[in-house]
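Worksheet: one structure, shown below.
The values are calculated or read from the model by the stated rules, or taken from the named source; none is laboratory data. Worth saying up front: this structure is predicted, and the values here are computed from it rather than measured. Glycine gets a Cβ as well: all are built from the backbone with ideal geometry, and neighbour counts include every protein chain shown. With ligands, DNA and RNA removed, areas are computed over all heavy atoms of the protein, side chains included. Shrake-Rupley method; radii C 1.70, N 1.55, O 1.52, S 1.80 Å.
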Amino acid sequence: MRRLIFSRGHSSMGCRARRLALAASLATGCPAGEGEGLAPAGRSSPEALEDPLAGLDNDGFRDRVIGFVRQVAEGEPEAGCSVPWVASQPLWVTVKMFYGGAAVGRGTSIGAALCPALAEATVRAIAAAGPEAKHVVQARFVVELTDRRYDMVEYAGGGIELVHGLVPVRMLDRAMVAARIDEGREYLVRVTDPALGGVHKYYDAPTDKFERRLHTIYTASTIFTWLALADEGLQAPIDRAAGFLLAMQSVAPGQPSHGAFYYSLDLNLDEADPRFVVGTAAKSIFSLIELHARTGREEFMAAARLAGDWLLTMQRPDGSVRPELRRLPDGTWKVTEKASILYTGQVLSALSRLHTATGEASYLEAAALTAGHLAGKVEAEGCYLGDDYRTPNPISSSWAILALFDFARASGDEARREQAFACADELLARQIVEPGDVYRHGRWPDSLSSSGAGWLAEVLATLHGDCREDEAERRDRLAAAVILLLRQLMQSTYSPANAFVARDPAMATGGLFWTTQDRYVRTDSVCHAMNAYAMMIEALPAGPLIELPEPPLAERLGLADRARRWPGGEDEDGVGGPGELDEPDADDEPGA
């Protein structure tokens with residue numbers, strides 16, 4: 001691990017004066033003090049000016065840049081420029097000071113000489129931090145050479161690569177997958193209420209806060225993931241979560257909600273939210289079936305049957321599904337009538353799995369009706385599907401794939417199996433495969449969040465596990481797509497390297513932030529990633545699975561062609577550009 005050691009013993013007022021003096025001296029080319037060990041920025045030797053970056057690779061360049069920023073920030077009296085680069089055109093430099101999960105100070109500067117611009121931007125960032133400047137020693141700095149699209153973040157005494165707000169993963173192997181499983185398992189324990197056993201939907205890592213609500217569907221998803229890990233050490237949290245799940249079922253004979261699950265529990269009011277969403281019941285059935293298989297306890301299967309019977313009441317005669325039932329404040333009931341591929345798929349999968357677990361014909365008959373409806377939409381509209389909630393997108397489409405696949409397994413319908421795999425092939429054709437674009441490589445144009453990437457990985461991994469001996473080519477295509485997604489998921493996973501945006505890095509570790517624009521963790525993001533990891537790890541070969549070498553420093557800085565890339569010309573984060581939209585929840589519809 002690279003380390004750069006800097007003095008830390010200066011007073012606040014002394015540091016401020018030294019920073020200002022240093023910035024002034026760098027701007028004018030005059031030394032800040034006598035006997036400096038490095039040439040001040042702006043006073044470079046002829047050799048340095050001829051080839052100022054000679055012998056430096058990306059790591060070395062970042063270490064020197066961050067080292068210089070750190071010295072300026074701490075008011076080092078002997079700070080000197082070790083990267084005396086003078087560009088042919090002005091550099092746009094931004095320095096950000098991060099402390100407690102937030103950017104507390106930001107400074108910018110424009111200049112042809114790198115070190116003076118860095119110094120000026122750093123001084124401005126410290127000034128903008130105001131009272132938070134006293135935390136400069138504990139802070140981490142981000143440096144952006146905006147016009148060069150070259151960013152870095154301070155870590156372990158040096159600088160590491162930052163691309164569109166991500167610390168990129170350029171190498172992936174099986175050991176990394178195993179490590180993420182361990183971290184994710186512990187993260188899910190931390191987001192489970194220790195007394196009630198329910199699971200939070202959101203953890204806001206920048207503020208280190210949970211929302212005051214426990215969600216049934218995320219509790220069910222967490223149980224499903226823990227059971228997939230087959231870790232005996234998780235038995236206690238599984239038992240608590242299972243207790244919460246059972247308690248959230250509506251057992252009210254004669255009422256429209258009988259057998260459904262309350263959507264969530266409001267911790268402030270200590271009241272269950274009287275929303276009964278079919279997706280909540282469907283995903284709860286997934287977990288109840290697995291709980292019964294693990295324990296043999298009939299109460300789990302009884303709850304699954306009751307939920308399945310309620311789903312039958314939400315099915316329309318054509319096989320489509322009504323998404324939600326609500327009890328209004330006046331005691332009356334309202335049914336949502338919007339069409340949803342996601343909910344239709346969830347119900348079809350739940351009924352299919354329930355038939356497999358119980359052998360009851362009523363569930364298979366209902367599943368066949370919904371499978372026919374969904375297959376008809378695919379035949380009429382193609383595999384890339386949308387609905388009343390959204391335009392065609394990969395999440396809805398992948399739910400159709402999994403649902404048809406689950407039905408084929410339950411019914412033995414080979415035509416539906418082939419339809420599911422054919423749609424998966426079409427979905428794979430939309431995956432971005434651009435090894436030179438470390439930010440986007442492996443994701444889908446219309447899927448930006450970690451939940452979407454995780455869900456796609458889970459679905460494709462499920463199909464991969466079902467490939468037959470004579471389907472080696474199909475299996476290899478699916479494996480290749482999932483491996484690309486695993487790398488994407490790791491880029492979105494909190495770790496010590498990228499947790500400068502988390503207030504409590506230890507708490508956030510193992511969680512997947514939603515996007516670089518929204519750094520909260522959604523529990524389903526973690527569950528989907530973990531499920532994909534668990535399904536794939538035994539199939540992964542030894543050695544590197546992906547290697548994406550960083551381009552040489554000169555190429556990354558644009559020194560080879562001197563191409564100008566002024567800020568503001570394009571969307572810097574690649575989010576919200578043409579053809580891209582934030583996909584819905586993989587587990588429940590927004591605003592439903």
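Tabulated results
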read-out	value
Positions within the stretch 91-110 being free of Cβ contacts under 8 Å to residues at least 40 places away in the same chain and surrounded by fewer than 24 Cβ atoms within 10 Å (Cβ to Cβ), in sequence order	ALA103, VAL104, ARG106, GLY107, THR108, SER109, ILE110
Only one of ALA127, ALA73, ALA79 that is more than 25 Å from ALA554 (Cβ to Cβ), more than 29 Å from the chain's Cα centre (by Cα), at pLDDT 95 or above and crowded, with 19+ Cβ neighbours inside 10 Å	ALA73
Selected residue [in contact with a Leu (Cβ under 9 Å, 6 or more places away or on another chain), under 30 Å from LEU234 (Cβ atoms) and either at pLDDT 95 or above or small (Gly, Ala, Ser) (or both)] from ARG190, ARG174	ARG174
All positions within the stretch 395-437 that are basic (Lys, Arg) and assigned to a helix (DSSP H, G or I)	ARG409, ARG416, ARG417
Selection within the stretch 428-454 - in contact with a Phe, Trp or Tyr (Cβ under 8 Å, 6 or more places away or on another chain) and open to solvent by less than 10 Å² (accessible area, probe 1.4 Å)	SER449, SER450, SER451, GLY452
Condition broken by GLY29, with the remaining ones in (1) on the phi > 0 side of the Ramachandran plot; (2) open to solvent by 20 Å² or more (accessible area, probe 1.4 Å); (3) modelled with pLDDT under 50 satisfied	(2)
Matching entry among GLY254, GLY259 (being part of a loop (DSSP other than H, G, I, E, B), open to solvent by 40 Å² or more (accessible area, probe 1.4 Å) and farther than 26 Å from ALA532 by Cα)	GLY254
Subset of the stretch 479-501 (residues that are part of a helix (DSSP H, G or I) and not aliphatic (A, V, I, L, M))	ARG487, GLN488, GLN491, PHE500
Test for ALA424: is it within 16 Å of VAL347 (Cβ to Cβ), hydrophobic (A, V, I, L, M, F, W, C) and surrounded by 20 or more Cβ atoms within 10 Å (Cβ to Cβ)	no
Count of the stretch 291-343 residues which are hydroxyl-bearing (Ser, Thr, Tyr), assigned to a loop (DSSP other than H, G, I, E, B) and more than 32 Å from the chain's Cα centre (by Cα)	1
Residue check, GLU473 in contact with a Gly (Cβ under 9 Å, 6 or more places away or on another chain), surrounded by fewer than 19 Cβ atoms within 10 Å (Cβ to Cβ) and in a helix (DSSP H, G or I)	no
Residue satisfying condition, being in contact with a Ser or Thr (Cβ under 7 Å, 6 or more places away or on another chain), closer than 17 Å to MET530 by Cβ and surrounded by fewer than 24 Cβ atoms within 10 Å (Cβ to Cβ), within set ARG180, ARG190, ARG213, ARG185	ARG180
In the stretch 265-284, residue nearest to GLU324 (Cα to Cα) [restricted to those that are under 27 Å from the mean Cα position of the chain (by Cα) and surrounded by fewer than 24 Cβ atoms within 10 Å (Cβ to Cβ)]	LEU265
Test: residue in the stretch 519-531 that is open to solvent by 10 Å² or more (accessible area, probe 1.4 Å), within 11 Å of the chain's Cα centre (by Cα) and not basic (Lys, Arg)	yes
Residue under evaluation PRO168, criteria (1) surrounded by fewer than 18 Cβ atoms within 10 Å (Cβ to Cβ); (2) in contact with a strand residue (DSSP E or B) (Cβ under 7 Å, 6 or more places away or on another chain), criterion not met	(1)
Test: residue in the stretch 297-305 that is in contact with a Phe, Trp or Tyr (Cβ under 7 Å, 6 or more places away or on another chain) and either open to solvent by less than 10 Å² (accessible area, probe 1.4 Å) or of a type outside the set (Ser, Thr, Tyr) (or both)	no
Among residues of the stretch 375-394, those that are farther than 16 Å from ALA339 by Cα and either assigned to a loop (DSSP other than H, G, I, E, B) or modelled with pLDDT under 95 (or both), counted	2
Residue ranges of strands (runs of 3 or more DSSP E) in the stretch 53-164 with at least 1 members of a type in the set (Lys, Arg) and touching a strand residue (DSSP E or B) at 6+ places or on another chain (Cβ under 8 Å)	86-99, 102-113, 140-145
Filtered residues of the stretch 438-469 (kept if part of a helix (DSSP H, G or I) and either β-branched (Val, Ile, Thr) or free of Cβ contacts under 8 Å to residues at least 12 places away in the same chain (or both))	VAL459, THR462
The listed residue being closer than 30 Å to GLY296 by Cα, open to solvent by 50 Å² or more (accessible area, probe 1.4 Å) and over 30 Å from the mean Cα position of the chain (by Cα), out of GLU379, GLU418, GLU365, GLU414	GLU365
